[in-house]
Amino acid sequence: MKLDLNSDLGEGEAISRTRALMRWITSANVACGGHAGDLRTMEACVRLAKRLGVRLGAHPGPWDRVDFGRSRVRLVPDEFELLLLHQVGALEQLARANGVRLHHIKLHGALYHSSEEEEVLAERYAAVVKRFWSKSKIYACAGGRVARLARGAGLVVWEEAFADRGYRDDGTLVARKEPGALLTDATVAVERVRRLSETGEITARSGKRIALKPQTICIHSDTPDAIQLAQAVAKAIQAGSGKRDSI
């Protein structure tokens, strides 16, 4: 399968930046009003995805505008389920009104990490998606808990790696406040994607090689020079796989 390129959008960036990134990516993860986003940005992203042929995904996050949904959260499973119903359900309705199918769901920030750390949240996540959005894929950390449990529940999972984030030796991401958390050099990002495609390995901050088998690669919209990174990585993926195809 050809690598998919995704980006988190509708998170307060200028619409010109949204549009520019959408021209290079193949999947858009749209903020649904939790950590970022509102009805106007959500609908703008839905319409851009439809016009540009980009796969539309929901990007639910904690109800936290102060720290952009990145501070650690404590949720019981029922609270997590209600959050998903609010946010994913809202984007799904806007998508349906515009004649667009909800292709995938990808958690944001603290939700992404908490569901990897807490089995009870990962299990509820898979159960909710299977019940309400069984035809949508889950984008989840490559080799992680969510990917394993969701696949075990009969869902389709695209495992994810990051072109613009540093990795620790255990396969988790370097915290954003630590040195080496962000990768902004397009040459480095392209080499990472090339190595993943050819060897199934990613190099951690320490130099250790980590085995990963992702189907999708993420570039965050708020990473400095994200548009240039997306363009370079998209061209590298195209060069490695030939003509753009449909997965």
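The values are calculated or read from the model by the stated rules, or taken from the named source; none is laboratory data. This structure is a prediction, so every number in the text was calculated from the model and none was measured. Backbone-built Cβ (ideal geometry, glycine too); neighbour counts: all protein chains shown. All accessible areas refer to the heavy atoms of the entire protein, side chains included, with ligands and DNA or RNA removed. Shrake-Rupley method; radii C 1.70, N 1.55, O 1.52, S 1.80 Å.
What are the extents of the Cα atoms of region 97-247 along their three principal axes, listed from largest to smallest and rounded to whole Å?
Principal-axis extents of region 97-247 (Cα, largest first): 42, 35, 28 Å.
Post the alpha-carbon centroid distance, region 1-74 to region 101-150, in whole angstrom.
That distance is 17 Å.
As a test, work out the antiparallel percent of DSSP beta bridges whose residues both lie in region 54-188, rounded to the nearest 5.
So the antiparallel bridges in region 54-188 amount to around 20 percent.
What residue among GLY69, SER134, LEU52 has its Cα farthest toward the positive end of the dipole of the chain, where the charges are +1 on Lys, Arg and -1 on Asp, Glu, each on the Cβ?
Final value for the positive-end residue is LEU52.
Can you compute log10 of I(q)/I(0) for region 1-74 with the Debye formula, treating each Cα as one identical point scatterer, at q = 0.20, 0.23 Å⁻¹?
Debye output, listed in q order: -0.78, -0.96.
State the answer as a single residue: which of ALA153, GLY166, PRO179 lies farthest towards the positive end of the charge dipole of region 120-199, with beta carbon charges of +1 for Lys and Arg and -1 for Asp and Glu, about the Cα centre.
Positive-end residue among those listed: ALA153.
Of all accessible surface on the chain at a 1.4 Å probe, what whole percent is carbon and sulfur?
Using a 1.4 Å probe with all protein chains present, the chain comes out at 52 percent carbon and sulfur.
Given the Cα-Cα distance of ALA153 and ASP38 and 0.36 nm per residue of separation, how much length would full extension add, in nm?
Separation in residues times 0.36 nm, less the Cα-Cα distance, equals 38.3 nm.
Rounded to the nearest 20 Debye, what is the dipole magnitude of the chain about its Cα centre when Lys and Arg each give +1 and Asp and Glu each give -1 at the C-beta?
860
Measuring from label point to label point, each 7 Å out along Cα→Cβ, what is the GLU201 to ARG176 span in nm?
3.1
Express the accessible area of the chain per residue in Å², computed with a 1.4 Å probe while the remaining protein chains stay in the model.
45
Under 5 Å between amide H atoms, partner at least 5 residues away or on a different chain: which partners does GLU201 have, H built in plane at 1.01 Å?
Those qualifying (amide H under 5 Å, at least 5 residues apart or on another chain) are LEU196, LEU212.
Of the cross-linked pairs LYS137/LYS208; LYS106/LYS235; LYS2/LYS208; LYS137/LYS235; LYS50/LYS135; LYS2/LYS213, which ones have a Cα-Cα span greater than 21 Å in the structure shown?
Cα-Cα > 21 Å for LYS137/LYS208; LYS106/LYS235; LYS2/LYS208; LYS137/LYS235; rest within.
How many nm is it between the label spots at ALA14 and GLN93, if each spot is 7 Å from the Cα in line with the beta carbon?
3.2
Under 18 Å from a point placed 7 Å out from the Cα of THR184 along the Cα-to-Cβ direction: which residues of region 223-240 have their backbone N that close?
So the set is 223-233.
Under a point spin-label approximation (7 Å from Cα along Cα-to-Cβ), what is the ARG194-ALA211 distance to one decimal in nm?
Output for this residue pair reads 2.4 nm.
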